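See structure below.
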Amino acid sequence: MIRRTAKIVAITGIVASALMTTDPLWWQLYYSRLGMFDDLSGHLFNTTLILTGAVIAALGIPLRRAVRSALAEGRLTGARS
């Protein structure tokens with residue numbers, strides 16, 4: 001569910017930024033150019049990247065629990081904790 005949420009946040013924000021940008025040629029150089037403008041599209045793009053990163057970081061919480069549980073139960077060996 002968290003992975004799907006990260007995908008939805010990223011795709012929606014990037015597409016919305018691309019549609020609202022004031023630079024119609026943004027795609028000719030690099031897509032991160034969407035975040036360079038001090039307008040709604042730039043703020044939306046940068047916020048999208050921050051939110052997507054937070055969602056991906058949140059994925060680490062259940063992953064850490066699963067690894068610790070597997071180590072404690074002996075289902076995983078050789079990993080450093």
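The values are calculated or read from the model by the stated rules, or taken from the named source; none is laboratory data. Keep in mind that what you see is a predicted model, and the values were worked out from it rather than measured. Note: ideal-geometry Cβ built from the backbone for every residue, glycine included; neighbour counts use all protein chains shown. Each accessible area value is taken on the protein alone, full model and side chains, heavy atoms only, with ligands, DNA and RNA left out. Shrake-Rupley method; radii C 1.70, N 1.55, O 1.52, S 1.80 Å.
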Query raised in the report: Label Ile11 and His43 with points 7 Å out from Cα along Cα→Cβ: what is the distance between them in nm?
Result: 2.7
Requested in this report: Report the FRET efficiency, 1/(1 + (r/R0)^6), for Val67 and Trp27, where r is their Cβ-Cβ distance and R0 is 30 Å, rounded to 0.05.
Outcome: 0.15
Query - Size of charge dipole - the chain - debye, nearest 20, with Cβ of Lys, Arg +1 and Asp, Glu -1, no other charges - result: 700
Query raised in the report: To one decimal place, what Kirkwood hydrodynamic radius in Å is obtained for the chain from all pairs of distinct Cα atoms?
Result: 14.7
Query - Structure-based [θ]222 nm, the chain - -39500 (n - 2.57) summed over DSSP H runs of at least 4, per residue, nearest 500 - result: -23500 deg cm²/dmol
**Report entry** Within-14-Å neighbourhood charge of Ile61 [Cβ basis; K, R +1; D, E -1]
**Finding:** +4
Requested in this report: Please give the per residue accessible area of the chain, computed with a probe of 1.4 Å over protein heavy atoms only, in Å².
Outcome: 77
Query raised in the report: What part of the accessible area of the range 17-81, given as a whole %, is carbon or sulfur when the probe is 1.4 angstrom?
Result: 63
